[in-house]
Amino acid sequence: MAQNLFVSEHPLVGHKITQLRDVHTDCRRFRSIVQELAMLLAYEATRDMPTRTVPVQTPLTTTQGPVVDAQVGLVPILRAGLGMVDGMLHLLPKAEVWHLGFYRDEQTLQPVIYYNKLPEDLSSHRCFILDPMLATGGSAIAATEILKARRVSQIKFVGLLAAPEGIAALHARHPDVVVHVAAVDERLTTEEDAQQGLPPGFIWPGLGDAGDRQFGTG
Ligand code: PRP
């Protein structure tokens with residue numbers, strides 16, 4: 001596996017991704033699987049979380065135990081990243097949530113920002129960018145640059161499906177960003193696919209548009 005790329009090998013993750021790919025999976029089920037997958041990926045992506053040891057009183061005695069010692073920011077990319085927030089918060093209930101809004105220009109596939117209320121200084125935080133899809137990588141790169149300008153101490157991207165092109169683009173610009181995904185697909189759709197009626201710049205075979213499938217649009 002390439003450096004700083006972690007693709008889950010857990011059978012439950014694979015099973016749930018197959019359900020997401022299925023065109024017959026309805027909106028409600030799709031949303032709940034996205035949430036479940038976010039929780040499973042959170043477990044893997046938090047493996048290096050720092051801890052400190054605190055005293056704890058058990059019913060029998062006093063002992064010592066680790067507690068997570070980190071300030072965490074979750075950065076869902078609107079819209080599709082929203083569905084991953086609750087799953088991550090299940091495991092990281094004290095995390096702060098900062099939203100970033102991007103849409104992809106349909107012609108250029110470049111991300112266009114429409115919402116950003118991030119605090120100016122995030123130097124004491126480690127952040128997880130949440131977006132089900134890493135396609136061309138444009139949105140992940142733009143989000144990373146916004147977070148780096150705020151001096152975030154560690155950035156991880158947590159997603160469901162990635163295209164090899166998107167991972168390569170993100171790591172060419174930001175090799176330090178650790179990517180955790182449930183699966184890496186074959187490729188992005190091309191102009192040739194577009195002539196067959198498929199949208200260009202989509203993950204292939206993929207699961208369609210994660211935003212539309214969660215929110216019943218499109
Ligand atoms: C999708 C997806 C990512 C982005 C990935 O969002 O959720 O945010 O495209 O593509 P990229 O890697 O090429 O930047 P979309 O623009 O469809 O917006 P939506 O979430 O509002 O549906």
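The values are calculated or read from the model by the stated rules, or taken from the named source; none is laboratory data. Just so it is clear, the structure is predicted and the values come from calculations on it, not from any experiment. No Cβ is skipped: glycine too gets one built from the backbone with ideal geometry, and neighbour counts run over all protein chains shown. Side chains included, ligands, DNA and RNA excluded: accessible areas come from the protein's heavy atoms. Shrake-Rupley method; radii C 1.70, N 1.55, O 1.52, S 1.80 Å.
Annotations
- Cβ-Cβ distance of K94 and R173, R₀ of 30 Å, FRET efficiency by 1/(1 + (r/R0)^6): the value works out to about 0.45.
- Carbon plus sulfur fraction of accessible area for segment 74-208, probe 1.4 Å, in percent: 53 percent
- Ellipsoid equivalent to segment 62-218 - semi-axes via the Cα gyration tensor, in Å: 29, 16, 15
- FRET efficiency for the pair L78 and W204, taken as 1/(1 + (r/R0)^6) with r the Cβ-Cβ distance and R0 = 25 Å, rounds to 0.55.
- Volume per residue of the C-alpha convex hull in segment 26-154, rounded to whole Å³: 128 Å³
- For a straight C-alpha distance cut-off of 24 angstrom, the lysines reachable from K94 (same-chain residues fewer than eight places away being disregarded) are K117, K148, K156.
- GNM remark for the chain: springs join alpha carbons under 10 Å apart, and the peak mean-square fluctuation among D176, D26, D105 falls on D105.
- Most mobile listed residue (T144, T53, T190) in the chain, GNM with C-alpha springs under 10 Å: T53
- FRET efficiency for the Q71 to T190 pair, using the beta carbon distance and R₀ = 25 Å, is estimated at 0.05.
- Leading residue at positive end of dipole, segment 87-218 (Cβ point charges), from S123, L109, F202: S123
- Antiparallel bridge percentage (DSSP; both residues within the chain; nearest 5): 35 percent
- Solvent-accessible area per residue for the chain (1.4 angstrom probe, square angstrom): 52 Å²
- For F157, residues with placed amide H under 5 Å, excluding near neighbours: I129, V178, V179, H180
- Evaluated with a Cβ-only charge set (Lys, Arg +1; Asp, Glu -1), segment 55-180 carries a dipole of roughly 140 debye about its Cα centre, given to the nearest 20.
- Heavy-atom accessible area for E192, with the other protein chains in place and a 1.4 Å probe, reaches approximately 140 Å².
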